Amino acid sequence: MFDGYDSCSEDTSSSSSSEESEEEVAPLPSSLPIIKNNGQVYTYPDGKSGMATCEMCGMVGVRDAFYSKTKRFCSVSCSRSYSSNSKKASILARLQGKPPTKKAKVLQKQPLVAKLAAYAQYQATLQNQAKTKAAVPVEGFSWGNYINSNSFTAAPVTCFKHAPMGTCWGDISEGVRVEVPNTDCSLPTKVFWIAGIVKLAGYNALLRYEGFENDSSLDFWCNVCGSDIHPVGWCATSGKPLVPPRTIQHKYTNWKAFLVKRLTGAKTLPPDFSQKVSESMQYPFKTSMRVEVVDKTHLCRTRVAVVESVIGGRLRLVYEESEDKTDDFWCHMYSPLIHHIGWSRSIGHRFKRSDITKKQDGHFDAPPHLFMKVKEVDAAGEWFKEGMKLEAIDPLNLSAICVATIRKVLADGYLMIGIDGSEAADGSDWFCYHATSPSIFPVGFCEINMIELTPPRGYAKLPFKWFDYLRETDSIAAPVKLFNKEVPNHGFHVGMKLEAVDLMEPRLVCVATVTRIIHRLLRIHFDGWEDEYDQWVDCESPDLYPVGWCQLTGYQLQPPAPQSSRDSQSSSSKQKKKAKSQQYKGHKKMSSLQLKDELLDGEEYSFLQGASDQESNGSASYYIKQEP
């Protein structure tokens, strides 16, 4: 493990600190040389040829200097530890995330050439990953500073199943050790040292060099999925030197012994972590693929668009008829707004035919299996019918849940829905939701969960009462049992930070906060902007990402609005936000109804069973009984 440890330092003549007496471990024999690799990967040293590898710590040295008749150990300490302490005997296996077992001795005897071969692929993956990743700096904004200065917490990566490593993050947590570049060093070559994770914020980790104990003076933030973070043992197999930071290099006289003691039983990244990162950032959608996507100017229909670029799974789609390629639309590859060619015809959805009679050279239809599958539904029995009432998130004003009506029932469980009091005569602002969509709710959902329901525009009988409205319109409510009542254990909590798409301008990914949680429904607030721009989003939305996602994928992050903008939001900021949202909204509604500010104060709310926003991950009190 410590084959790459470089014992050289800028000054080794100074005595160790007072703490040395407490941490000191029996030193190695002075006659034992350490092989310095000078950045080159060495071949397996054959014991018969005068070289040997310690089966306890992995040290490579001259065979004659090794201990015992069989020359299996570099020192008495390693020999005793190997035979009497199973915990230390399996240190390499443990540091690779494997529990100590009786097979640890077998692991130590594996030829080094096999390990090097495995890491050759690991290094190749790293180099390829470094070429494809480009951090996009945001002037004046740093997630690390933002979180540290305000004591914020971030949603864990495991909350985002669609994001890279979302399903294979494992048990990466505080205390995990990694090998990172040592920036506190004046040597001319790039050297490394071991650091531990002090705090996690999405993909970002606050790291502290091993040996600094409680000293946070050199702590630094780094993206765990970045190309400069490696599992412990990487330097040894890659021929990279481990050099202690200059600030603490005089703290101990025997750094190798110190590391053995500190790292015994510690966790590190899996050896194939970088390979998993690379694999999770491979996206099946390619440029020039043709898809059907919602027409942003007429939500009731779809159009053909071509994939122009793919960034982190987000697609920039250019409508096929756009000659200058400026008429575009951004969405994630798992968005419910995109479909395979022929989808509209298959379910009876409106479709705008292209003036282009044949495919352009190089364009080809995206295979149907690439698109997100919806749950199968049984519409043979009791099912949604035209005219039924429900509550729905308004796609033209995502801060509002509105009174709505089913206007048309399509095939395969899809529904065309209109917002009461705001519909165009020709139905051009109807929108399509699947019956299992988390954006539609039964009558009474807002009331039971203390959410402000937006009544039909022009409706004078306030406060709005569903019972009265159903009677006045001679309508019936859609049966509760037809709605999706599944609530996953999503892991979000009020106050968590994340990166979220502004769905009113879906090319923008912004710094955001979870301000309310109603079962699986999240209220997303864009930091620095007024509450009226908040958006209701499902917990499994592909438009939510962990902190550090933009840096990892090379996407531009929109920082919080500065204080000067906050002070003038009533004028310039509002105009700016509205101007950018109109491009996506198309026919913008003129309704000025908004959710009350009191809903966004982060307070706890009383539900039927006394659950607060932060605790309402269950479905026990999800729906209210319909009045007869």
Check your understanding: Name the residues in the stretch 452-497 that are on the phi < 0 side of the Ramachandran plot, under 28 Å from the mean Cα position of the chain (by Cα) and not basic (Lys, Arg), would you?
Key -> Asn484, Glu486, Val487, Pro488, Asn489, His490, Phe492, His493, Val494, Met496
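Residue by residue, here is whether (1) touching a strand residue (DSSP E or B) at 6+ places or on another chain (Cβ under 8 Å); (2) in the same structural domain as Asp327 (by the TED database) holds:
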| site | (1), (2) |
| --- | --- |
| Tyr252 | no, no |
| Lys261 | no, no |
| Thr264 | no, no |
| Val277 | no, no |
| Ser288 | yes, yes |
| Thr297 | no, yes |
| Cys300 | yes, yes |
| Val304 | yes, yes |
Exercise for review: Kindly provide the set of residues from the stretch 187-216 that are over 30 Å from Glu499 (Cβ atoms) and among the charged types (D, E, K, R), ordered by number.
Suggested key: Lys190, Glu210, Glu213, Asp215
Study note, to complete from the structure: Within the stretch 234-258, residues part of a loop (DSSP other than H, G, I, E, B), more than 14 Å from Lys190 (Cα to Cα) and either open to solvent by less than 10 Å² (accessible area, probe 1.4 Å) or among the hydroxyl-bearing types (Ser, Thr, Tyr) (or both) come out as Tyr252, Thr253
Check your understanding: Which condition number in (1) free of Cβ contacts under 8 Å to residues at least 24 places away in the same chain; (2) open to solvent by 40 Å² or more (accessible area, probe 1.4 Å); (3) part of a strand (DSSP E or B) is the one that Ser309 fails?
Key -> (2)
**Study point:** the stretch 325-344, subset over 19 Å from the mean Cα position of the chain (by Cα) and open to solvent by 40 Å² or more (accessible area, probe 1.4 Å), residue nearest to His162 (Cα to Cα)
**Key:** Pro336
Exercise for review: Could you tell me which residue of the stretch 458-489 is least open to solvent (accessible area, probe 1.4 Å), considering only residues that are in contact with a helix residue (DSSP H, G or I) (Cβ under 9 Å, 6 or more places away or on another chain) and at pLDDT below 95?
Suggested key: Tyr459
Review point. Somewhere in the stretch 125-136, is a residue under 18 Å from Ile229 (Cβ atoms), modelled with pLDDT of 95 or more and in contact with a Leu (Cβ under 9 Å, 6 or more places away or on another chain)?
Key: no
Exercise for review: Please find, within the stretch 275-295, the residue that is surrounded by the most Cβ atoms within 10 Å (Cβ to Cβ) out of those that are aliphatic (A, V, I, L, M) and not in a loop (DSSP other than H, G, I, E, B).
Suggested key: Val291
Exercise for review: Report, ordered by the first and then the second residue, all pairs with beta carbons closer than 8 Å, sequence separation of six or more or different chains, a first member in the stretch 541-559 that is free of Cβ contacts under 8 Å to residues at least 60 places away in the same chain, and a second member that is open to solvent by 10 Å² or more (accessible area, probe 1.4 Å) and in a helix (DSSP H, G or I).
Suggested key: none
Practice item. Please find, among Asp474, Asp468, the residue that is acidic (Asp, Glu), part of a helix (DSSP H, G or I) and out of contact with any strand residue (DSSP E or B) (no Cβ under 9 Å at 6 or more places or on another chain). Key: Asp468
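The values are calculated or read from the model by the stated rules, or taken from the named source; none is laboratory data. Only a predicted model underlies this, so the values are computations on that prediction, with no experimental measurement involved. Virtual Cβ from ideal backbone geometry, glycine too; neighbours counted across all protein chains shown. These area figures cover heavy atoms from the full protein model, side chains too; ligands, DNA and RNA do not enter into them. Shrake-Rupley method; radii C 1.70, N 1.55, O 1.52, S 1.80 Å.
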